[in-house]
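Here's the structure, in structure tokens; my notes come after.
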Amino acid sequence: MRKYGYIRVSDKDQNEARQILSLKEAGVDEAFILIDKQSGKNFDRPQYQLLKKALREGDLLVISSIDRLGRNYKEIINEWKYITQELKADIKILDMSLLDTTLHKDLLGTFISDLILQVLAYVAEQERHNIKKRQEEGIAAAKIQGKHLGRPKTKTPENFTIVYEKWINKEITARAAMKELNLKPTTFYNLLNLQKSKDNS
């Protein structure tokens, strides 16, 4: 039997250290911990798919909580059944002791585990809907208040028009213009495009 750990965080900036620690405390070697940094709306995740290919009969998959597995009700149930029934591997959810297939092999134990799994999977999906709804409400409120969403707009340097004219007339190179304006190439060319659009309008 080999112990695997699976971790999912919603975005690349989120820290997975707490989950790693809980899995190591549960006896999972860090070399067998797989991590995905993306949404739990579906199971199209590279490390999770790799994990499914690695799991063998009798192996144990350890996860800190059911929402780390995913946030889609039907897909959580399907994945759980595939791992436990098709692959014949076990799953242990650390923050819910009843969701441990190594302990509940009889009919009653399986029924209780399945029931709890369905409730928690439903809660996980509802939380995903709530997060999405809060984001949409936040965006709508920001628009009403006239707040700018997304990246801040590039501020045009005061001397841009003078330097731009020099560049148009081939008096200076693009590199010299960037240096004079103290701009990065991407910002410089973005401002050039904006200026050209104004000139052509």
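The aspartates and glutamates whose alpha-carbon is closer than 17 Å to the alpha-carbon of Lys41, local same-chain residues fewer than 8 away aside, are Asp11, Asp67, Glu75, Glu79, Glu125, Glu127, Glu136. A Cβ-based charge dipole, computed about the Cα centre of region 3-134 with Lys and Arg at +1 and Asp and Glu at -1, lands at about 440 debye.
Measuring r between the beta carbons of Arg175 and Lys37 and using R0 = 41 Å, the FRET efficiency lands at 0.65. Each peptide in 30-39, 89-98 gets a packing score, the mean of other Cβ atoms within 10 Å over its residues, and the list from highest to lowest is 89-98, 30-39.
For the residue pairs Lys74/Lys133; Lys24/Lys52; Lys88/Lys133, alpha carbon separations beyond 26 Å are given by Lys88/Lys133. Scaled against the 2.2 N^0.38 Å expected of a compact globular protein of N residues, the Cα radius of gyration of region 160-200 reads 1.04. If you sort the three axes of the alpha carbon gyration tensor as a ≥ b ≥ c, you get a/c of 1.5 or more for region 19-72 and a/b no higher than b/c, which makes it oblate.
Site pair Glu25 and Lys196 shows an inter-label distance of 5.8 nm when each label is modelled 7 Å from Cα along Cα→Cβ.
Could you tell me which of rounded, prolate or oblate describes region 1-96, using a ≥ b ≥ c as the square roots of the eigenvalues of the alpha-carbon gyration tensor, with rounded for a/c under 1.5 and, failing that, prolate when a/b is larger than b/c and oblate otherwise? It is oblate, given that a/c is not under 1.5 and a/b is not larger than b/c. A Förster radius of 45 Å combined with the Cβ-Cβ distance from Arg18 to Glu165 puts the calculated FRET efficiency at roughly 0.20.
Taken together, the values in this text are just the output of simple stated rules run on the coordinates, not laboratory data. Predicted model only: the values in this text are computed from it and were never measured. Don't worry about glycine lacking a Cβ; one is built from the backbone with ideal geometry, like all the others, and counts go over all protein chains shown.
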